[in-house]
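Structure, as structure tokens:
Readers should treat all values here as calculations from the given coordinates under stated rules, not as data from a laboratory. Since the structure is predicted, the reported quantities are computational estimates derived from the model, not experimental observations. Cβ sites come from the backbone with ideal geometry, for glycine too, and all protein chains shown count toward neighbours.
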Amino acid sequence: MKKGRKHQQGTGARVNGNGNAQQHGEHESWKKLKLVEIHQALNCDPVDIETLRRAAVSEGGLLTDEIRRKVWPKLLSVNVYNLPAKPTKDIRENHKDFNQVLLDVRRSMKRFPRGMRVDERQVLQEQLIDIILVVLQKNPALHYYQGYHDIVVTFLLVVGERMAIAMVETLSNHHLRWLPFSVSIMATCSCRDFMDPTMDSTKHILNYLMPILEQVDPQLHEFMLRAEVGTIFALSWLITWYGHVLSEFRHVLRLYDFFLASHPLMAIYFAAVIVLHREKEVKQTECDMAMVHQLLSKIPQDLPYEELITQAHCLFTRYPPSLLAKRAALQSRNSITINCFKAFQAATQQQRPDSVLRRQLLQGRARGLGGPDSQLVLSRDTQPNQAANQLIKMAVWGISATLGAAALAVAQTALDWAPDFFMQLF
């Protein structure tokens with residue numbers, strides 16, 4: 001009998017192993033197909049931006065940081081061969097927001113990967129400060145708010161300092177335009193709409209949350225009205241694009257793929273699906289403002305992100321902002337972000353592939369017309385590829401040696417941080 005049971009257990013293990021192997025094979029096949037589609041879209045002339053958006057929204061998002069370094073700039077219409085110069089030291093002199101930015105960045109240690117060397121993190125924190133100050137200096141209409149650094153650090157970790165400046169500036173003037181860019185107001189309550197000097201535009205965006213809930217689950221909506229919980233529990237979600245409230249960086253990246261490819265209001269739709277996902281918990285809670293707020297303000301870390309992204313995308317299609325604005329008497333005309341997004345989206349349709357941009361840069365250099373980037377690494381390629389990987393690894397080792405630190409232990413980690421360190425060599 002014992003032998004029989006042992007034999008049966010072994011057979012079961014083999015079946016499970018074969019099943020897992022088959023699932024793994026199917027996953028790898030799907031992944032390769034998606035990579036091919038992304039590569040083809042990037043090399044179309046003009047770039048097939050709609051395919052890139054679909055890839056960013058669909059299951060798995062953009063899959064790797066290497067792909068994000070290629071696709072994120074296209075989603076924001078950023079020319080990687082015409083990046084801003086590296087910030088100079090004088091950017092910090094007499095900047096009105098320097099002290100507050102410094103305090104916020106110093107407190108942002110948890111936003112950096114676990115196990116990162118202290119000296120590496122400190123270098124990145126200094127770059128984070130400079131990125132924020134450069135963007136604010138170049139755009140006086142934008143007002144800093146606490147939480148902005150949680151967005152900026154995500155771009156720094158993925159694309160490096162100079163590309164992060166270009167991307168964050170574009171993002172701040174379009175997707176984040178409705179954020180409350182004001183230090184004093186954010187300090188008392190818990191980027192231009194978010195980056196307006198007051199909270200008015202941000203409150204306006206938060207007002208979309210309850211109408212979405214009303215459409216999907218009237219009972220949940222009525223319960224929250226009775227509890228008088230409002231929408232302030234979702235404020236930190238929106239103003240940091242969930243970067244401050246999620247512990248796993250991979251989940252943050254997945255959401256950034258989604259948000260960068262979507263309408264600026266998609267973050268509020270995602271907030272709605274989180275509340276809807278927790279509908280049973282909410283209804284089982286005492287109908288009291290403090291109790292419901294306490295429950296909702298803490299996001300579970302085991303959310304089914306792919307499922308929620310799909311639901312948010314479907315809700316946006318079914319209940320677009322224009323419909324919600326009419327039903328809730330919301331004035332979308334007050335939002336600079338919403339009004340400008342269509343024009344911004346149209347502009348992304350006319351981008352040239354990087355191969356063409358690189359050729360144009362080289363031709364400009366030959367004619368003596370190369371811009372500030374003509375002597376920089378951009379003439380090779382701002383994004384690591386297979387041919388450049390060895391050079392990037394060597395660059396990381398070289399800088400690690402000058403810092404007196406040991407080289408990074410894992411090659412993949414080196415590739416993740418390479419854009420930043422590699423750009424510093426030039």
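Sorted on the mean count of surrounding Cβ atoms within 10 Å across their residues, most packed first, peptides 313-319, 268-274 read 268-274, 313-319.
Using the Karplus relation 6.51 cos²θ - 1.76 cosθ + 1.60 with θ = phi - 60°, the per-residue 3J(HN,Hα) values for the range 59-70 come to 3, x, x, 8, 6, 9, 5, 4, 5, 4, 5, 8 Hz, with x marking Gly and Pro. Model label sites at residue 94 and residue 245, defined 7 Å from Cα along the beta-carbon direction, differ in position by 4.0 nm. Each residue of the range 259-270 was assigned a 3J(HN,Hα) from its phi angle through the Karplus expression (A = 6.51, B = -1.76, C = 1.60, θ = phi - 60°), giving 5, 5, 8, 10, 5, x, 7, 4, 4, 6, 5, 5 Hz with x at Gly and Pro. Note on residue 366/residue 39: beta-carbon distance plugged into 1/(1 + (r/R0)^6) with R0 of 30 Å gives a FRET efficiency of 0.60. So for the pair residue 122, residue 109, with labels modelled 7 Å out along Cα→Cβ, what separation do we get in nm? Once both label points are built, they end up 1.3 nm from each other.
Loop-located GluC sites (Glu not before Pro) in the range 30-90 (DSSP state other than H, G, I, E, B) with a sparse environment of at most 16 neighbouring Cβ atoms within 10 Å: 59.
Shape class for the range 23-128, computed from the alpha carbon gyration tensor (a ≥ b ≥ c): oblate, with a/c not under 1.5 and a/b at or below b/c.
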